[in-house]
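Asks: I'd like to ask you about the structure that follows.
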Amino acid sequence: MKLVVGLGNPEKRYNDTRHNIGFAVIARLAKRLAVGRPRYRFEAEISETTVDGGTRIGLLCPLTYMNLSGNSVRAAVAFHQIPLDHLLVISDDLNLDLGRIRVRASGSAGGQKGIEDIIRKLGSNEFPRLRIGIGHPPPQWEAKDFVLSKFSKHQLHEVELAIERACDAVVCWLQDGIQVTMNRFNADASIEKQQKRQAPRPRPNVGTGNNDELFLKPDKSDEQIDKLNKNSKSTKSDSKPVADEEANS
């Protein structure tokens, strides 16, 4: 079996936050692969299917909160006796520009709490991971508040594209392995970044189609993010957003 893990926090209040983009990728991937409804096991939601003439895959979303994601992953890996190179973990990354994806065969957690716990519980960092850029916190925000905030309305189009690219990368990994996936999608990210510098930014298409499934309509927190993003370029405000949650970041 190959196991694909998307990281996030349970409870409705965390739906559609930056930290939960791993859950969003798993939900989209399940639709693309026509996977059935998930069941509760390993302190997680897990669904399974068979692709490519017999390859079994599992899609897992830990329900332990981000900081304890390793509990679910360790239990699933041990039960199914999954080699670590057959494990792919999808997470958010506030060190990457919004919408960029980065694939790695192994390495450190880079400050991501869920990855940190998985490394600690598995006793190894030798497993592939796919990181999705959620943008950088404005100067007035603490990282723990930023990752638990929602994307602003003008960011949704780029996030939607990132989710699709992440799904493409997972399918590539399932079929062709980690090296091919890194060569293709890390190179694509570099080309895309260069193209963005050369081309005017397209007008986002927000609030139509499948976007409505994964993202709620803009609320007060979205307006705060928009305002802070604009103000941070000119003046520094003394105001600070109310923390959504101090733990599980």
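Each reported figure results from applying straightforward, stated rules to the coordinates on display, with no laboratory input. Here the structure is a predicted model, which means the values were calculated and not measured. Note: ideal-geometry Cβ built from the backbone for every residue, glycine included; neighbour counts use all protein chains shown.
Asks: In terms of modelled amide H atoms, which long-range or inter-chain residues lie less than 5 Å from the amide H of residue 135?
Replies: Sorted by chain and number, the residues that satisfy this are 96, 98, 99.
Asks: Apply the Karplus parameterisation 6.51 cos²θ - 1.76 cosθ + 1.60, with θ equal to phi minus 60°, to every residue of region 88-97 and state each ³J(HN,Hα) to the nearest whole Hz, in sequence, with x for glycine and proline.
Replies: 10, 10, 10, 9, 7, 8, 7, 8, 9, 4
Asks: Let a ≥ b ≥ c be the square roots of the eigenvalues of the Cα gyration tensor of region 1-84; is it rounded (a/c under 1.5), or, if not, prolate (a/b larger than b/c) or oblate?
Replies: oblate
Asks: As a footprinting exposure proxy, order 52, 97 by other Cβ within 10 Å, with the fewest listed first.
Replies: In order of increasing Cβ crowding within 10 Å: 52, 97.
Asks: Do the alpha carbons of any pairs in 12/150; 2/144; 12/153; 121/150; 12/113; 12/121 sit beyond 22 Å of each other, and which pairs?
Replies: Check vs 22 Å cut-off fails for 2/144; 121/150; 12/121.
Asks: Now for a different question. From the backbone phi of region 63-78, what are the Karplus-calculated ³J(HN,Hα) couplings (6.51 cos²θ - 1.76 cosθ + 1.60, θ = phi - 60°) in whole Hz, Gly and Pro given as x?
Replies: Per residue, the Karplus-derived 3J(HN,Hα) values read 10, 9, 6, 3, 5, 10, 4, x, 4, 5, 5, 4, 5, 5, 4, 5 Hz.
Asks: Now for a different question. For residue 151, enumerate residues with amide H under 5 Å from its amide H, sequence gap 5+ or separate chain, H modeled in the peptide plane.
Replies: 18
Asks: How much length would be gained if the chain were fully extended between residue 84 and residue 187, taking 0.36 nm per residue of separation minus their Cα-Cα distance, in nm to one decimal?
Replies: So the chain would gain 34.7 nm between residue 84 and residue 187.
Asks: Hey, another quick one. Within 10 Å, count the other beta carbons around each residue, average over each peptide in 16-23, 131-138, 28-35, 100-107, and list them highest first.
Replies: Output ranking for 16-23, 131-138, 28-35, 100-107: 16-23, 131-138, 100-107, 28-35.
Asks: Sticking with this structure for a sec: Could you derive backbone 3J(HN,Hα) for region 174-187 from the dihedral phi with the Karplus parameters 6.51, -1.76 and 1.60 (θ = phi - 60°), listing whole Hz in sequence and x where the residue is Gly or Pro?
Replies: 3J(HN,Hα) across region 174-187, in whole Hz: 4, 8, 10, x, 6, 5, 4, 5, 5, 4, 7, 8, 5, 5.
Asks: What is the P(r) of region 43-154, as percent of Cα-Cα pairs per 10 Å bin from 0?
Replies: 13, 42, 32, 12, 2, 0
Asks: Still on this model: Can you give the charge dipole size of region 97-193 about its Cα centre, rounded to the nearest 20 debye, using +1 on the beta carbon of Lys and Arg and -1 on the beta carbon of Asp and Glu?
Replies: So the magnitude is around 220 debye.
Asks: Would you grab the residues whose amide H sits under 5 Å from the one on residue 45? Only those 5+ places off in sequence or on another chain, please, with H modelled 1.01 Å from N.
Replies: 61, 63
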